[in-house]
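In what follows, a structure is listed as structure tokens, so that the remarks can point back to it.
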Amino acid sequence: MADEKAPVEKVRPALFRAEGTAADPNHPALLGGRCAACGFVCFPMQTYGCEACGSTAMEPYAISGRGRLSAFARVHVHAGGGREAPFTVGSIALDDGGVVRALIDRGSEDALTHDAAMVAVLVRESRPGRGEHDLRFALASKEA
Ligand SMILES: [Zn+2]
């Protein structure tokens with residue numbers, strides 16, 4: 001009898017790269033998509049179709065790691081097991097288009113303000129099987 005409960009391989013496509021973009025070479029880029037028909041930017045890259053115009057002509061697009069903090073929340077109790085609370089999650093409206101929800105770098109957590117300028121930074125990944133680095137957003141003013 002075949003094992004119908006065979007484990008499903010988790011797919012974790014690359015969501016960012018250490019190399020920046022021409023517009024912002026000093027911060028990691030997010031690997032999103034852009035609609036060839038209307039220019040709408042999405043993250044992550046997907047091929048289902050453009051959220052703005054419906055075209056399926058989506059192309060990979062490196063999004064600059066700069067934006068503005070539109071909302072943030074401190075998480076004190078986390079139902080998932082993969083991350084130790086407390087931590088802070090923010091919504092960042094990216095300068096290149098799109099909004100991402102991301103973890104906020106520990107060094108920026110206590111000084112967050114609405115509409116603050118944010119930049120993408122890489123931190124060392126401590127969870128096994130997740131690669132060497134993970135992405136965070138930090139206050140641009142806190143950056144060394
Ligand atoms: Zn479009």
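FYI, it's all coordinate maths here, none of it is from the lab. Please read all numbers here as calculations on a predicted model, not as lab measurements. Cβ placement follows ideal geometry from the backbone for every residue including glycine, while neighbour counts extend to all protein chains displayed.
Worth pointing out:
- Net charge of the neighbourhood of residue 68, taken over other residues with C-beta under 10 Å away and scored Lys/Arg +1, Asp/Glu -1, is -1.
- Pairwise centroid distance, computed over Cα atoms, of the range 11-69 with the range 81-97, Å: 17
- At the listed q of 0.13, 0.16 Å⁻¹, the Debye profile of the range 26-83, built from one uniform point per Cα, gives log10 I(q)/I(0) equal to -0.50, -0.67.
- Given charges at Cβ of Lys, Arg, Asp, Glu: the range 19-142 dipole, positive-most of 20, 117, 56: 117
- Net charge of Cβ neighbours under 14 Å - reference residue 88; Lys, Arg +1; Asp, Glu -1: +2
- With both labels modelled 7 Å from their Cα along Cα-to-Cβ, the residue 14 to residue 115 distance reads 3.7 nm.
- Neighbourhood net charge (10 Å Cβ-Cβ; Lys/Arg +1, Asp/Glu -1) for residue 105: +1
- Spherically averaged projected area of the chain from its Cα convex hull (nm²): 11.4
- Counting 0.36 nm for each residue step from residue 26 to residue 89 and taking away their Cα separation leaves a gain of 20.4 nm.
- For the range 75-125, the list of trypsin sites (Lys or Arg not before Pro) that fall in a loop by DSSP and count at most 16 other C-beta atoms within 10 angstrom reads 83.
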